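Comments concern the structure below.
The values are calculated or read from the model by the stated rules, or taken from the named source; none is laboratory data. Because the structure is predicted, anything quoted here is derived from the model rather than measured. Glycine gets a Cβ as well: all are built from the backbone with ideal geometry, and neighbour counts include every protein chain shown. Accessible surface areas use protein heavy atoms only, side chains included; no ligands, DNA or RNA. Shrake-Rupley method; radii C 1.70, N 1.55, O 1.52, S 1.80 Å.
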Amino acid sequence: MVWLVPVAVLVAVLAIISVVFTIWRTDQVAVRPGSVEQVPSRITISGADVYPPESEIALVTVLVSQRLTIWQRIGAEFESGVDIEPERTFTGDGTRRELRRLNELRMETSQHTAVVVALEHLGFEIPRLASGVIVAEAMAGAPAAEVLERGDVIVGIDGVTVGELKDLAEVLASRSAGQTVVLDVERADDGSVGSVPLELIASPEDANRALIGVSARERTDVGELPVEVVIDSGAIGGPSAGLALTIGIIDLLTPGELTGGLRVAATGTIAFDGSVGAIGEVDQKAIAASRAGVDLLLVPTTNLSDALDHVGDDMQVVGVASLQEALDALAEA
């Protein structure tokens with residue numbers, strides 16, 4: 001009987017610890033290999049002849065969990081191909097809801113760019129007009145973080161219309177850190193345009209150079225497209241499907257098989273000049289492609305080394321810096 005109380009206490013303590021480990025969430029998330037999704041099946045084209053390929057180019061996804069409980073955090077340590085990251089790696093100073101909206105915007109932009117790049121590659125003339133600078137992320141601690149949101153579009157500064165990044169740069173060249181400028185901002189949430197006073201900061205690389213304090217990209221409007229292309233991305237967000245979407249559209253509008261009958265996947269952003277940009281979580285994407293039996297994976301050149309580090313010899317991985325290099329790689333496969 002002497003030992004019953006200590007044992008009972010121990011059991012109770014372990015039970016409490018188990019409950020706490022099950023409920024208490026850390027500030028970390030698990031990044032897991034996702035799925036390989038065929039692209040042409042998600043695309044509907046009107047106004048042109050379509051040639052559905054038998055072997056479709058695919059995009060690759062990753063899965064980012066909710067914040068892990070302590071038990072989940074421990075379990076994730078033993079999972080193959082899983083990275084554990086602080087949630088802030090993905091959300092920054094924002095919320096999960098804001099991250100979802102940002103990724104939706106990134107996918108919309110990626111689709112828009114992919115359509116234009118694919119049609120121009122096929123010889124269609126597409127008029128383009130830069131119509132503002134989209135805020136992607138404000139620097140932590142910068143005044144911009146207090147007044148600008150992801151997806152806001154800067155359309156003017158101190159009375160000067162901003163269409164391209166160079167328009168913004170030309171005005172900032174005559175300003176100094178600490179000065180206040182007035183931005184004309186088209187809000188992401190409702191499209192309204194208002195004036196936003198903002199104190200400029202100094203560039204970390206050059207104290208004499210004034211910055212707004214955001215990462216940004218140009219918003220490009222195009223005229224009426226000669227071919228209607230509708231892409232159903234489902235719940236997939238982010239910009240890294242751009243290359244795969246571009247190739248998928250070209251494949252549908254071109255007789256024959258771009259993939260040559262191989263199982264091919266691609267990941268990478270696409271820009272209006274056809275350049276392919278780096279992506280995140282390439283290791284999980286490479287693992288997902290390998291597990292799905294992909295024969296050839298196209299990745300941005302800057303991500304090639306990381307991708308090769310996480311796959312074996314059963315899958316060929318090729319780094320590409322442009323759409324043309326990707327198409328050349330497919331022709332040579």
All other residues with a Cβ under 12 Å from the Cβ of Val147 taken together, and with Lys, Arg as +1 and Asp, Glu as -1, what is their net charge?
-> -3
Using only Cα atoms, figure out Rg for region 65-186 and give it as a multiple of 2.2 N^0.38 Å.
-> 1.44
Between region 77-93 and region 251-326, what is the C-alpha centre distance in whole Å?
-> 23
Summed side-chain charge close to Leu297 - residues other than Leu297 whose Cβ falls under 10 Å, Lys, Arg +1, Asp, Glu -1 | +1
Computed about the Cα centre, the charge dipole of the chain from +1 Lys/Arg and -1 Asp/Glu charges at the Cβ has a magnitude in debye, to the nearest 20, of 1220
To the nearest 0.05, how large is the calculated FRET efficiency for Arg128 and Ser195 if R₀ is 41 Å and r is the Cβ-Cβ distance?
-> 0.90
Residue with peak Gaussian network fluctuation, the chain [Cα springs, cutoff 10 Å], from Pro33, Pro53, Pro226 | Pro226
Using a simple spin-label model with points 7 Å from Cα along the Cα→Cβ vector, what separation in nm is obtained for Leu308 and Glu120?
-> 3.1
GluC sites (Glu not before Pro), loop per DSSP, at most 13 other Cβ atoms within 10 Å - longest free stretch of the chain | 225-333
Using a 1.4 Å probe, what is the accessible area per residue for region 179-239, in Å²?
-> 56
Per the 1.4 Å probe, what fraction of the accessible area of region 164-285, in percent, lies on carbon and sulfur atoms?
-> 48
If Lys and Arg each add +1 and Asp and Glu each add -1, what is the summed charge of the other residues whose beta carbon sits under 12 Å from the beta carbon of Thr44?
-> -1
Taking 0.36 nm per intervening residue step and subtracting the Cα-Cα distance, what contour gain separates Ala278 from Arg96 on full extension?
-> 63.2 nm
10 Å Cβ shell holding at most 10 others, DSSP loop, chymotrypsin sites (Phe, Trp or Tyr not before Pro): longest site-free stretch of the chain | 79-333
Could you pull out every whole DSSP H run in the chain that spans at least 20 Å of Cα extent along its own axis and averages 0.0 or higher on the Kyte-Doolittle scale?
-> 4-23
If you find the alpha carbon centre of region 29-69 and of region 123-150, how far apart are they in angstrom?
-> 26
Per the 1.4 Å probe, what fraction of the accessible area of region 40-151, in percent, lies on carbon and sulfur atoms?
-> 50
16 Å reach of a label modelled at Ser176, 7 Å along Cα-to-Cβ, counting backbone N of region 209-233 = 209-211
Report the residue, chosen from Thr89, Thr246, Thr302, that carries the largest GNM mean-square fluctuation when the chain is represented by alpha-carbon nodes joined by springs under 10 Å.
-> Thr89
The size of the Cβ-based charge dipole (Lys, Arg +1; Asp, Glu -1) of region 171-220 about the Cα centre, to the nearest 20 debye, is 120
Just the C-alpha atoms of the chain: what Rg/Rh do they give, with Rh taken as the Kirkwood radius?
-> 1.07
About the Cα centre, charge dipole magnitude for region 65-191 (Lys/Arg +1, Asp/Glu -1 at Cβ), debye = 260
Lys/Arg +1, Asp/Glu -1 at C-beta; region 236-292 dipole; positive extreme among Gly260, Ala244, Gln284 = Gln284
